[in-house]
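In what follows, a single structure is set out as structure tokens and then discussed.
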């Protein structure tokens, strides 16, 4: 019975993936015209998903700082999971932003056509810094595991060997050094993560045409919701996986 449920689950996942890829292909070929968005409703479901996943990412990262910055030992088992969840949620959120662009192939122009007075421009800088912090912290925490994994001869070992970037030190001193660097990155990452989701709230807060959004509390609301949703995500992952 368990095998049947597993197979059924995979089939449902494959069908859903196929439908999703077909929808993305239609969106890519036909543009935003198929979404029925207009000047009255300029933001659709993709933006809602973007906000949701960015909140999950920022919340998960901020919870990881409880371990690596504030030294909450009881939460240590979820440390790497929190950072990995933050990275995956961030990638998912940014992909939804990509889908919402009229011309997805022009995303790179934001790094060329600069406008430092734009909230969106500032937000993009936070995203770049945030990605660097997440990847560096994850690599430092997984470095020794990658070195051990690279000792084999199969394809996994070769992949791990590439991801070590030439590092081979398994000493306790190197592990302690890694944790010190992770702590520094965590301290630097706190204002960056606050800027990531608080900045998302600021995008809404400056929309004067929407009285319910327009105001200084929206960034704070987004940060608090990120902490709650990040905690909920990690609770779910620990409970079911």
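The values are calculated or read from the model by the stated rules, or taken from the named source; none is laboratory data. As the structure is a prediction and not an experimental result, all values here were calculated from the model. We place every Cβ from the backbone using ideal geometry, glycine too, and count neighbours over all the protein chains shown.
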Listed by range, helices (runs of 4 or more DSSP H) wholly within region 94-211 having at least 2 residues that are more than 27 Å from residue 62 (Cα to Cα) and touching a helix residue (DSSP H, G or I) at 6+ places or on another chain (Cβ under 9 Å) are 119-149, 155-163
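Could you please find all residues in region 159-182 being under 20 Å from residue 76 (Cα atoms) and buried (at least 17 other Cβ atoms within 10 Å of the Cβ)? Please lay out each step first, then the result.
Step one: list which residues in region 159-182 are under 20 Å from residue 76 (Cα atoms), which gives 172-182.
Within region 159-182, 178, 182 meet the criteria.
Return the residues of region 228-241 that are farther than 15 Å from residue 53 by Cβ and surrounded by 14 or more Cβ atoms within 10 Å (Cβ to Cβ); say none if nothing qualifies. So that I can check it myself, show each step before the final result.
Applying the first criterion (farther than 15 Å from residue 53 by Cβ) to region 228-241 yields 231, 235, 238-241.
Residue satisfying the conditions is 231 alone.
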On the basis of being more than 30 Å from residue 204 (Cα to Cα) and more than 21 Å from the chain's Cα centre (by Cα), does residue 18 make the cut?
yes
Starting from region 89-103, take each residue that is on the phi < 0 side of the Ramachandran plot and list its partners that are at pLDDT below 85 and in a loop (DSSP other than H, G, I, E, B), counting only C-beta distances under 8 angstrom and pairs at least six apart or across chains.
100/43; 100/44
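So, in region 32-63, of the ones that are within 13 Å of the chain's Cα centre (by Cα) and over 12 Å from residue 92 (Cα atoms), which residue ends up surrounded by the fewest Cβ atoms within 10 Å (Cβ to Cβ)? Write out each step before concluding.
First, the residues of region 32-63 that are within 13 Å of the chain's Cα centre (by Cα): 49-62.
Retained after the next criterion (residues that are over 12 Å from residue 92 (Cα atoms)): 58-62.
Working: 58: 33, 59: 28, 60: 30, 61: 30, 62: 24.
Within region 32-63, the match that is surrounded by the fewest Cβ atoms within 10 Å (Cβ to Cβ) is 62.
Regarding residue 34, is this residue within 26 Å of residue 200 (Cβ to Cβ) and either touching a residue at least 24 places away in the same chain (Cβ under 8 Å) or part of a loop (DSSP other than H, G, I, E, B) (or both)? If you could, list the steps in order and put the result at the bottom.
Numbers: within 26 Å of residue 200 (Cβ to Cβ): yes; either touching a residue at least 24 places away in the same chain (Cβ under 8 Å) or part of a loop (DSSP other than H, G, I, E, B) (or both): no.
Judged against the criteria, residue 34 is not a match.
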For region 124-149, which residues satisfy the criterion of being over 14 Å from the mean Cα position of the chain (by Cα) and farther than 30 Å from residue 173 by Cβ?
125
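With within 27 Å of residue 167 (Cβ to Cβ) and modelled with pLDDT of 80 or more as the only criterion, which of 54, 67, 124 stands out? Outline the logic, then answer.
Values: 54 fails: within 27 Å of residue 167 (Cβ to Cβ); 124 fails: within 27 Å of residue 167 (Cβ to Cβ).
Just one listed residue meets the conditions, 67.
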